[in-house]
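Colleague: Take a look at the following structure, please.
The values are calculated or read from the model by the stated rules, or taken from the named source; none is laboratory data. This one's a predicted model, so the numbers in the text were calculated from it and none came from an experiment. For neighbour counting, all protein chains shown are included, and Cβ atoms are generated from backbone atoms with ideal geometry for every residue, glycine included.
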Amino acid sequence: MSDDPRDPPEAVDGEDQPLDSVDLAILDDIRALFAAADPVPSGLVARTAFAIDLVGVEDEIARLEPVGLRAAGARGAEESRTITFDSESLTIVVQASPAGATLRVDGWLAPPAVRRVRLRAGEVDFATESDELGRFVVLDVPRGLVQIVVEGEDEDGDGDESADVDGDSDGTGVSRVRQVITPAVVL
C-alpha cells in the first residue's frame, strides 16, 4: 500500500459486487440525513419543469434583473413589482400590480415593436400583442409562477420569423418562430 494520497485505494472485498440490502439501507440513511439537513425546496421540480417546458434550441433566454418593490402611488398602500428581463435582442420590463385577488401585468418591449406576447401562469396562457410602442397589458393574472414568451419579428416586422437554429427553414415542413423567453418568476 502506498502512502501517497494521490494513488488510488486498493481494492476492497466485494467492491465489484451489486448493491445489496445493507448498501440500500445505508443509502436510504444518507438520503434521510440530507432530506433533514438540506431539503429540496417546495415546488422546485414543478418550477423547473415549468421553466424549461417550451424552450427550444433556437430560442433566446432573457436574464432576470429585478428592480424590486415600490409603491404604486404616492399615498397608496398597494405595492407593485417591477422586473426587467434582458436578452441579446430584447429588453422586457413588466410591472405587476394587485387588482383584487389577481394581478394586472403591464409590460414594455425595447426596442418597441408590435409582437405577439404570451404570459404563462401555471396551466393558463394569456395571449396578447404589444402595440407599436412595445406596450402590452394582461389582466386577471393569478398570483404565482409566471413566464413571458415574446415571439420574434422578421425583417418586415410582422412577427412571422420562422426559423431553425441556422435561421432558415429546415425542410421538415415544421417551422418555429424564434422566441425570447423569460425565466419563470413568482408574482
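Per-residue answers, yes or no, for (1) within 23 Å of the chain's Cα centre (by Cα); (2) at pLDDT 90 or above:
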{"residue": "Ala127", "(1), (2)": "yes, yes"}
{"residue": "Gly134", "(1), (2)": "yes, yes"}
{"residue": "Val137", "(1), (2)": "yes, yes"}
{"residue": "Val141", "(1), (2)": "yes, yes"}
{"residue": "Glu153", "(1), (2)": "yes, no"}
{"residue": "Asp156", "(1), (2)": "no, no"}
{"residue": "Asp160", "(1), (2)": "no, no"}
{"residue": "Gly173", "(1), (2)": "no, no"}
{"residue": "Val177", "(1), (2)": "yes, no"}
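Colleague: I need the full set of residues from segment 98-116 which are surrounded by fewer than 17 Cβ atoms within 10 Å (Cβ to Cβ), among the small types (Gly, Ala, Ser) and closer than 14 Å to Phe136 by Cβ, in order please.
Modeller: Ala110
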